[in-house]
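Visitor: Okay, handing you the structure first.
The values are calculated or read from the model by the stated rules, or taken from the named source; none is laboratory data. On a predicted model such as this, the values are computed, not experimentally measured, just so you know. All Cβ positions, even for glycine, are placed from backbone atoms using ideal geometry, and neighbour counts span all protein chains on display. Please note that ligands, DNA and RNA were not included when accessible areas were found on the heavy atoms of the full protein model with its side chains. Shrake-Rupley method; radii C 1.70, N 1.55, O 1.52, S 1.80 Å.
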Amino acid sequence: MDILTANDTHGRYPESYYTASSATLPPFGAAKGALRCDVCVIGGGYTGLSAALHLAKSGYDVVLLEAQRVGFGASGRNGGQVGTGQRLEQDGLEKLIGAEAARKLWDLSLESVALVKSLIAEGGMDCGFTPGIIHADHRQRLVGHSHAYAEKLQRDYGYAQMQPLDKTALRQLVDSPAYHGGVLDMGGGHLHPLRYALGLARMAQQAGVRIYETSRVTALSEQSPAKISTVDADITAEYVILGCNGYLGRLNTKVAGRVMPINNFILATDPMLPDDATRLIRHGYAVADSKFVVNYFRFSEDSRLLFGGSESYGYRFPKDIAAKVQKPMLEIFPQLANTRIDYAWGGTLGITMNRMPDFARLQGHILSASGYSGHGVAMATLGGKMAADAIRGQAEQFDLMAAVPTLTFPGGVGLRLPLLAAAMLWYSLRDRL
């Protein structure tokens, strides 16, 4: 089954709240004929758009190929949370790669958030960045770790923007009986993800990037220079950047063995009265909880609750996405039982075994960055810039990320989905204990 068309119409954005509340760009034409460029970027999400933008600003001739529309995939469908840190906490990273490298990855995470903010300002993007993310613990036994982690970040990393919350303090911010405490991180925030992706595309186009949509890559030759084929075009490029994430398919089986597509789902309620929204979540913060299958939620600018939760591991989305996501929403906010659901949509993201991004030099002139595991708004933006920097001869950051081990999924490309589904079922059961 083709993951690019299993749940979506070719050349069209999904019917989501984000699509309905965005001024999408006029379609870019498909690539045709014989083309040459310095760099061919494959994938029009945050990674690809950021890479193309930063290369073009440095004077490179860049072609960007997107199989659907720019921002079509996870970049235009996600929860919009712009988080600090990596997907693994720092103590885990210290054990995995050592304290010095872990500190560098922490610094990269702060740089990634700063980069998002600077690009929003530079591009004059109307994507509503709002500061503040709450990590909410769904079990009392987890609160002590969360508070100790906030203390560790302040003590060892000089990060003072994370505030411990006990049960009372959390309940004052999030009107839910489901949580026992957590932390508030004012270094992160949230935004409208599709408007942000479209803003990057506008900036890339203005910088001179040749963007082609509905231009699915059918073959990639790793010779030098590289040869890239679509149905109607043949591109010759000195360098290639793969930024396909969950939509890579079998374009490169090495990356596909380490980065697996999974589906996640979001709903949007009808607009609430501002006072009702404020009672539910104060100060416009975003929230993500401690479950392995994470619940994440925030309010839109027009006071809709955007609630994400539930996952699936086949290619197909469920027939009734709204009902699937409404179930965890009502576990968190039972007072919303009579609230109307206006939109519900799914998206495909890329995950790795240890949830750290997969950066790789496939050849000296072919780079890949993907597998952000639900932590990609900021890190994918920086990932694209790091890939661009590597091509420009400044590879320290890219090589640092590439040195973080990401294992091949058991069973390889063929058996990884059923094995992951079994593992995730176990974790979802553990969340209920």
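Visitor: Which ranges mark the helices (runs of 4 or more DSSP H) fully within the stretch 40-127 that have 2 or more residues being open to solvent by 10 Å² or more (accessible area, probe 1.4 Å) and more than 19 Å from TYR196 (Cα to Cα)?
Guide: 90-97, 99-123
Visitor: Follow-up question, since we're still on this one. Is it the case, given these coordinates, that TYR159 is within 18 Å of the chain's Cα centre (by Cα), aromatic (Phe, Trp, Tyr) and closer than 30 Å to LEU119 by Cβ?
Guide: Considered against the rule, which asks whether it is within 18 Å of the chain's Cα centre (by Cα), aromatic (Phe, Trp, Tyr) and closer than 30 Å to LEU119 by Cβ, TYR159 comes out as no.
Visitor: Related question: Any idea which of TYR196, TYR212 is modelled with pLDDT of 95 or more, open to solvent by 10 Å² or more (accessible area, probe 1.4 Å) and over 30 Å from GLN140 (Cα atoms)?
Guide: TYR212
Visitor: Give the number of residues within the stretch 206-230 that are farther than 20 Å from GLY257 by Cβ and in contact (Cβ under 8 Å) with a residue 24 or more places away in the chain.
Guide: 15
Visitor: If only one of GLY393, GLY374 is in contact (Cβ under 8 Å) with a residue 60 or more places away in the chain, more than 16 Å from LEU242 (Cβ to Cβ) and open to solvent by 10 Å² or more (accessible area, probe 1.4 Å), which one is it?
Guide: After applying the criteria, what remains is GLY374.
Visitor: Among what's in the stretch 131-142 and is open to solvent by less than 40 Å² (accessible area, probe 1.4 Å) and under 29 Å from THR24 (Cβ atoms), pick the residue that is nearest to the chain's Cα centre (by Cα).
Guide: ILE133
Visitor: Another one. Any residue at all in the stretch 235-250 that is at pLDDT below 95, open to solvent by 10 Å² or more (accessible area, probe 1.4 Å) and of a type in the set (Lys, Arg)?
Guide: Among the residues of the stretch 235-250, at least one is at pLDDT below 95, open to solvent by 10 Å² or more (accessible area, probe 1.4 Å) and of a type in the set (Lys, Arg), which makes the answer yes.
Visitor: Let me ask something else. Mind counting the residues in the stretch 129-179 that are of a type in the set (Asp, Glu), within 30 Å of GLY98 (Cα to Cα) and in contact with a strand residue (DSSP E or B) (Cβ under 9 Å, 6 or more places away or on another chain)?
Guide: Counting residues in the stretch 129-179 that are of a type in the set (Asp, Glu), within 30 Å of GLY98 (Cα to Cα) and in contact with a strand residue (DSSP E or B) (Cβ under 9 Å, 6 or more places away or on another chain) gives 2.
Visitor: Only one residue in SER300, SER290 is touching an Asp or Glu at 6+ places or on another chain (Cβ under 6 Å) and modelled with pLDDT of 95 or more. Which one?
Guide: SER290
Visitor: If GLN223 passes every condition in (1) in contact with a helix residue (DSSP H, G or I) (Cβ under 8 Å, 6 or more places away or on another chain); (2) surrounded by fewer than 19 Cβ atoms within 10 Å (Cβ to Cβ); (3) at pLDDT below 95 but one, which one does it miss?
Guide: So the condition that GLN223 fails would be (1).
Visitor: If you don't mind, there's one more thing I want to ask. Please list, ordered by first then second residue, the pairs with beta carbon atoms under 6 Å, 6 or more apart or interchain, first in the stretch 335-356 and closer than 16 Å to ASN245 by Cβ and open to solvent by less than 10 Å² (accessible area, probe 1.4 Å), second assigned to a strand (DSSP E or B) and of a type in the set (A, V, I, L, M, F, W, C).
Guide: Short answer, once both residue conditions are applied: GLY346/PHE265; ILE351/MET260; ILE351/ILE262.
Visitor: Would you pick out the residues in the stretch 270-319 that are of a type in the set (Asp, Glu) and over 21 Å from the mean Cα position of the chain (by Cα)?
Guide: Those that are of a type in the set (Asp, Glu) and over 21 Å from the mean Cα position of the chain (by Cα): ASP270, ASP275, ASP276, ASP302.
Visitor: Do we have ASP275 as more than 25 Å from SER312 (Cβ to Cβ) and open to solvent by 60 Å² or more (accessible area, probe 1.4 Å) here?
Guide: Spelling it out, ASP275 is indeed more than 25 Å from SER312 (Cβ to Cβ) and open to solvent by 60 Å² or more (accessible area, probe 1.4 Å).
Visitor: Separate question: Among all residue pairs at least 6 apart or on different chains, which show Cβ distances below 8 Å where the first residue, located in the stretch 55-83, is within 30 Å of ARG304 (Cα to Cα) and the second is assigned to a loop (DSSP other than H, G, I, E, B) and of a type in the set (Asp, Glu)?
Guide: GLN68/ASP8; GLN68/GLU213; ARG69/GLU213; VAL70/GLU213; PHE72/ASP8; PHE72/GLU66
Visitor: Let me ask something else. Being among the basic types (Lys, Arg) and at pLDDT below 95 is true for just one of ARG432, ARG392. Which residue is that?
Guide: Within the list ARG432, ARG392, the selection yields ARG432.
Visitor: Then there is this: Kindly indicate which of PRO14, PRO27 is open to solvent by 20 Å² or more (accessible area, probe 1.4 Å), at pLDDT 95 or above, in a loop (DSSP other than H, G, I, E, B) and closer than 13 Å to GLY71 by Cα.
Guide: On inspection, the qualifying residue turns out to be PRO27.
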